[in-house]
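What follows is one structure encoded as structure tokens, with my remarks underneath.
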Amino acid sequence: HGEVQTPVFMPVGTLGTVKTQSPTELKQLGAQIILGNTYHLYLRPGADIVASAGGLHKFSGWDGPILTDSGGYQVFSLKALNRVTDDGVEFQSHRDGSRHIFTPENVIDIQRKLGADIMMPLDVCTEYPVEIRQAAKDAERTLKWIKRAKQKWLEKPGSQVLFGIVQGSIYE
């Protein structure tokens, strides 16, 4: 849905739209791309509903590029409601308490249904501050997840691109 000139201001449209701003207003502000959240869109309204509406672009009225993050931040921010393993993350919904499993593979499937232009693989967002051993363990898990996500993406690369991310920490 277009090129993005970096560095870029990327408004956050967690549920597919940027609160209080229409797509026209975002364009007038110079926005080139918006960010949606896979975790939140999966829970509400649901990837199938977004897909049946024609994907995030039609659902939101935004005709520019859309990046969806993986829900990796929710691994961190909702840590009291999830369990992380090498397989992925089991979430307890903050909305209704239902349980859901995110794996590197099904996160790619969800983002494909959403119709994102740029998909982020599932990652571990490391706390700060954190011991260097934990940061290394989180980075290692993230890299394993990225390899699995890439394998899933390679099954049907199409026009959606996969953009890797590795969170970390700060050490002297």
Have a look at Arg83, Arg44 and point out the one that is closer than 23 Å to Asp123 by Cα, over 11 Å from the mean Cα position of the chain (by Cα) and touching a residue at least 40 places away in the same chain (Cβ under 8 Å). Arg44
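Being under 18 Å from Val124 (Cβ atoms), among the β-branched types (Val, Ile, Thr) and modelled with pLDDT of 95 or more is true for just one of Thr24, Thr68. Which residue is that?
Just a single option satisfies the conditions, and that option is Thr68.
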Residue identified as under 17 Å from Gln160 (Cβ atoms), surrounded by fewer than 18 Cβ atoms within 10 Å (Cβ to Cβ) and in contact with a Gly (Cβ under 8 Å, 6 or more places away or on another chain) among Gly2, Gly115, Gly36, Gly16: Gly2
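For (1) touching a residue at least 12 places away in the same chain (Cβ under 8 Å); (2) open to solvent by less than 40 Å² (accessible area, probe 1.4 Å), each residue gets a yes or a no:
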{"site": "Gly72", "(1), (2)": "yes, yes"}
{"site": "Phe76", "(1), (2)": "yes, no"}
{"site": "Ile108", "(1), (2)": "yes, yes"}
{"site": "Gln111", "(1), (2)": "yes, yes"}
{"site": "Leu122", "(1), (2)": "yes, yes"}
{"site": "Cys125", "(1), (2)": "yes, yes"}
{"site": "Val130", "(1), (2)": "yes, yes"}
{"site": "Ala136", "(1), (2)": "no, no"}
{"site": "Thr142", "(1), (2)": "yes, yes"}
Please determine, by comparing only the residues of the range 144-172 that are small (Gly, Ala, Ser) and surrounded by 13 or more Cβ atoms within 10 Å (Cβ to Cβ), which one is modelled with the highest pLDDT. Ala149
Show me the strands (runs of 3 or more DSSP E) entirely contained within the range 55-134 in which 1 or more residues are farther than 12 Å from Tyr39 by Cα and either of a type in the set (Ser, Thr, Tyr) or in contact with a strand residue (DSSP E or B) (Cβ under 7 Å, 6 or more places away or on another chain) (or both). 66-69, 82-84, 99-102
Tally the residues that are assigned to a loop (DSSP other than H, G, I, E, B) and under 17 Å from Pro65 (Cβ atoms), restricting the search to the range 23-45. 5
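The values are calculated or read from the model by the stated rules, or taken from the named source; none is laboratory data. Only a predicted model underlies this, so the values are computations on that prediction, with no experimental measurement involved. We place every Cβ from the backbone using ideal geometry, glycine too, and count neighbours over all the protein chains shown. Areas reflect the complete protein model, heavy atoms only, side chains present, ligands, DNA and RNA absent. Shrake-Rupley method; radii C 1.70, N 1.55, O 1.52, S 1.80 Å.
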